[in-house]
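Everything on this sheet refers to the single structure shown next.
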Amino acid sequence: PPVCDVISVNKSVLGSSNMELNKHLSLNSSASVSLLFVVGGIVSPVSDGYGKQGLVPAKHRISMAKLALQSSNWVTVDEWESQQPDWTETVVTMRYKTHLLSLSSAGDNEVRSKCCWGHGELKLLCGADFLSSFKIPGLWLDDHVEELVQRFGLVCVSRGSLQPERAVHESDTLFRHRRNVFLVREWVRNETSATEIRRALRRDQSVKYLIPDYVIEYIRQHELYTEDSERRNEGTALRPLIKQAHQPIKSLDD
């Protein structure tokens, strides 16, 4: 896969956004340096229906993401996915954002007033661990992975000792579309774990300089990431493992 490329893109970061670390924010910066012509970035927190243990309510995750990005003039937070009553497949969210981009580019003034993502190709920005998740049984539908890589493409930033090149090599789908998987080497590493940050907060330990100050203050004001909140969804199976096993989604309209 190409280590870098010159391309005009919008990057979409999908995920739980259960803790906005400085490390997560730097993913956009690392990718923008390598891709050169990044015109915008989108952070899209997952719905409460995802079912992950310790996942705080979407209204708080949205607010924290906006606080973390308030100094950015090119990365924005999109609330659509988080507002859905049920968990939304990654590929469905990508289709939705692509549809909005196409309407904005076509001159739809109503959409353009709400969509500040600019123009260009939409690609999914992820860490190297994301590629490894394709191998987890039941977590992904094969045709969703195919569409994500073939239609949209991935921008994958290295993470720790994980080897994204190996993940591409070991997956027939990723290898088949390897020219649409852009690998970004992050030489200045930040190995801070969101799990460790939440643990520190539960124990009333300092997390200053690990997450933005505005986010720290918000967490304190709303008493988030406590022992009680960590038990949220405890014993609940992740929604993808349940939903995709019974109701595979074929289109945005579904």
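Considering every residue within segment 13-25, establish whether at least one is assigned to a helix (DSSP H, G or I), under 15 Å from the mean Cα position of the chain (by Cα), of a type in the set (Lys, Arg) and at pLDDT 60 or above. Spell out how you get there, then give the answer.
Of all residues in segment 13-25, those assigned to a helix (DSSP H, G or I) come to 22-25.
Narrowing further to those that are under 15 Å from the mean Cα position of the chain (by Cα): 22-25.
Pick out the ones that are also of a type in the set (Lys, Arg) and you get 23.
This time we only want the ones that are at pLDDT 60 or above, so: none.
Checked segment 13-25: no residue is assigned to a helix (DSSP H, G or I), under 15 Å from the mean Cα position of the chain (by Cα), of a type in the set (Lys, Arg) and at pLDDT 60 or above.
What are the residues in segment 175-189 that are in a loop (DSSP other than H, G, I, E, B) and surrounded by 15 or more Cβ atoms within 10 Å (Cβ to Cβ), if any?
Selection gives His177, Glu186.
In segment 210-234, how many are without any contact (Cβ under 8 Å) to a residue 60 or more places away in the chain and more than 22 Å from the chain's Cα centre (by Cα)?
Step one: list which residues in segment 210-234 are without any contact (Cβ under 8 Å) to a residue 60 or more places away in the chain, which gives 213, 216-217, 220-221, 223, 226-228.
This time we only want the ones that are more than 22 Å from the chain's Cα centre (by Cα), so: 217, 220-221, 223, 226-228.
The qualifying residues number 7.
Within segment 148-161, how many residues turn out to be assigned to a helix (DSSP H, G or I) and surrounded by fewer than 19 Cβ atoms within 10 Å (Cβ to Cβ)?
2
Has segment 211-219 got at least one residue that is in contact with a Ser or Thr (Cβ under 8 Å, 6 or more places away or on another chain) and either farther than 18 Å from Met64 by Cα or buried (at least 17 other Cβ atoms within 10 Å of the Cβ) (or both)?
For segment 211-219, residues in contact with a Ser or Thr (Cβ under 8 Å, 6 or more places away or on another chain) and either farther than 18 Å from Met64 by Cα or buried (at least 17 other Cβ atoms within 10 Å of the Cβ) (or both): present.
Could you list, in sequence order, the residues of segment 36-63 that are without any contact (Cβ under 8 Å) to a residue 24 or more places away in the chain and in a loop (DSSP other than H, G, I, E, B)?
The answer is Pro57, and nothing else.
So Arg239 ticks every box in (1) more than 17 Å from Val46 (Cα to Cα); (2) out of contact with any His (no Cβ under 9 Å at 6 or more places or on another chain); (3) touching a residue at least 24 places away in the same chain (Cβ under 8 Å) but one. Which box is left unticked?
(1)
Are there any pairs, at least 6 apart or on different chains, whose C-beta atoms fall under 6 Å, with the first in segment 64-88 and farther than 23 Å from His222 by Cα and the second of a type in the set (A, V, I, L, M) and part of a loop (DSSP other than H, G, I, E, B), and if so, which?
The qualifying pairs are Val75/Leu69.
Can you tell me how many residues within segment 190-207 are without any contact (Cβ under 8 Å) to a residue 24 or more places away in the chain and either buried (at least 20 other Cβ atoms within 10 Å of the Cβ) or not in a helix (DSSP H, G or I) (or both)?
We begin by selecting, within segment 190-207, every residue without any contact (Cβ under 8 Å) to a residue 24 or more places away in the chain; these are 193, 195-196, 199-200, 203-207.
If we keep only those that are either buried (at least 20 other Cβ atoms within 10 Å of the Cβ) or not in a helix (DSSP H, G or I) (or both) as well, we get 193, 203-207.
Qualifying residue count for the region: 6.
What are the residues in segment 203-232 that are in contact with an Asp or Glu (Cβ under 9 Å, 6 or more places away or on another chain) and under 30 Å from Gly138 (Cβ atoms), if any?
Ser229, the sole residue that qualifies.
Let me confirm something: among Arg159, Arg178, Arg166, which residue is of a type outside the set (A, V, I, L, M, F, W, C) and touching a residue at least 60 places away in the same chain (Cβ under 8 Å)?
Being of a type outside the set (A, V, I, L, M, F, W, C) and touching a residue at least 60 places away in the same chain (Cβ under 8 Å) holds for just one of Arg159, Arg178, Arg166, which is Arg178.
The values are calculated or read from the model by the stated rules, or taken from the named source; none is laboratory data. What you see is a predicted model, and the numbers here were worked out from it, not measured in a lab. Note: ideal-geometry Cβ built from the backbone for every residue, glycine included; neighbour counts use all protein chains shown.
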